[in-house]
Each structure stands twice: as structure tokens, then as C-alpha cells.
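Read through the structure below, which is laid out as C-alpha cells, and then see the notes.
The values are calculated or read from the model by the stated rules, or taken from the named source; none is laboratory data. Bear in mind that the values here come from a model prediction, so they are computed numbers and not experimental data. Note that we place each Cβ from the backbone using ideal geometry, even for glycine, and neighbour counts take in every protein chain shown. Each accessible area value is taken on the protein alone, full model and side chains, heavy atoms only, with ligands, DNA and RNA left out. Shrake-Rupley method; radii C 1.70, N 1.55, O 1.52, S 1.80 Å.
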Amino acid sequence: YAGARDASLRREPFFGKESDEQIQKMKQQARAERFRTFWIVGISLLVTVLGVANALLMSVTERFREIGTMKCLGALSAFIRTLFLIESSLIGLVGSLVGVVVGALLPLIAYSFAYRFDLVFGSMPYGLLLASAGGAVMVGTLLAVLAAIYSANFASRMVPASALRSTV
């Protein structure tokens with residue numbers, strides 16, 4: 001029993017009041033960093049959506065005459081809307097694929113030079129990497145389509161006569 005008491009006395013500095021305070025402090029810092037990360041991701045997604053929406057609105061204004069001509073020739077509003085939604089989904093898909101490839105290759109190459117190629121590529125969870133890449137591509141494509149809804153509706157509600165008269 002004397003040895004057990006001595007062992008508990010030796011362990012107290014590691015599991016005492018100070019270590020509990022440090023653990024709580026570390027948990028609070030982890031929550032703050034997670035909150036900061038969510039804000040950064042949210043703002044970057046918002047900027048992405050606004051960029052795609054701006055690009056598609058510019059595409060609509062540049063093609064006023066084309067849209068007017070298609071509507072004069074009998075194109076339905078649903079066709080015009082679908083045309084712009086397909087365009088936005090392709091923009092989102094290509095942009096997401098490029099972002100995933102660049103976002104995966106740059107850190108892998110940088111860590112490979114810092115450490116070793118076999119060490120970095122041998123310890124990669126490829127299944128998790130592919131699942132994350134697939135999720136990022138799907139989210140990017142979905143956000144691009146959501147960003148295009150306003151411009152697609154704007155283009156589909158255009159009056160053919162006024163669209164043909166525009167000089168944009």
C-alpha cells in the first residue's frame with residue numbers, strides 16, 4: 001500500500017487542478033479555431049456564389065439580342081432558364097474540379113519536398129481524399145446552380161421586342 005500511495009502522489013502533478021484548467025483552456029481554443037474556420041469557409045463560399053452570379057448576369061446582359069432572337073423564334077421561357085442553369089452547372093463543375101486538383105496537389109507536393117515522397121504518399125488516406133474531393137465538386141456545382149437561379153429567371157422573363165432593341 002505504501003507504493004500505491006507514493007504512485008498516486010507522483011501522479012497528482014500530471015492530473016491535478018492545473019492540468020484540468022489547461023485541458024479546459026485547450027478545448028476553448030479548439031472551439032474558437034473551429035468557429036473561425038467555419039466563418040472563413042462561409043465567407044469564401046459566399047464570395048464564390050457572388051462571383052458566379054455576377055458572371056452569369058454579365059452573360060445574360062451580353063446576350064440580350066440572342067435571347068430575344070430565340071424567344072422570337074419560339075423558344076419557351078423554360079428553355080432559356082434551362083440553358084442558363086446548364087451553363088452555370090458546367091461552370092461550377094469545371095471550377096470545382098480545378099479547385100480540387102490544385103487544392104490537393106499543392107499541399108501534397110509541398111509536404112513531399114519538406115518530408116519525403118514515399119512517407120507522404122504512403123500515409124495518405126486515399127479513400128477519404130476521394131470522398132472529400134467528390135463532396136467538394138458536388139457542393140461547388142450545387143452552389144453555382146443556386147447562384148444562377150436569379151440570372152436564369154431574369155433571362156427567361158425578358159420581353160423579346162425590348163431585348164432585340166437593346167444596344168448593350
Looking at the chain, identify the longest residue range that excludes and avoids all chymotrypsin sites (Phe, Trp or Tyr not before Pro) in DSSP loops having at most 12 other Cβ atoms within 10 Å.
2-114
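Which longest uninterrupted range of the chain lacks any trypsin sites (Lys or Arg not before Pro) assigned by DSSP to a loop state (not H, G, I, E or B) and surrounded by at most 13 other Cβ atoms within 10 Å?
1-115
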How much accessible area per residue does the chain have, counting only protein heavy atoms and a probe of 1.4 Å, in square angstrom?
73
Normalised contact order of the chain, rounded percent, pairs of Cα under 8 Å and 6 or more residues apart
40
Just the C-alpha atoms of the chain: what Rg/Rh do they give, with Rh taken as the Kirkwood radius?
1.31
Quick calc, the chain, dipole around Cα centre from Cβ unit charges on Lys, Arg (+) and Asp, Glu (-), nearest 20 debye, gives 360
Angle check, please: helix 126-156 long axis (alpha carbons) against the longest principal axis of the chain (alpha carbons), in degrees 0 to 90, nearest 10.
30
Considering only 32, 133, 144, give the residue with the highest GNM mean-square fluctuation for the chain, with springs between Cα atoms whenever their separation is below 10 Å.
32
Computed from the beta carbon distance with a Förster radius of 41 Å, FRET efficiency for residue 47 and residue 76 to the nearest 0.05 stands at 0.75
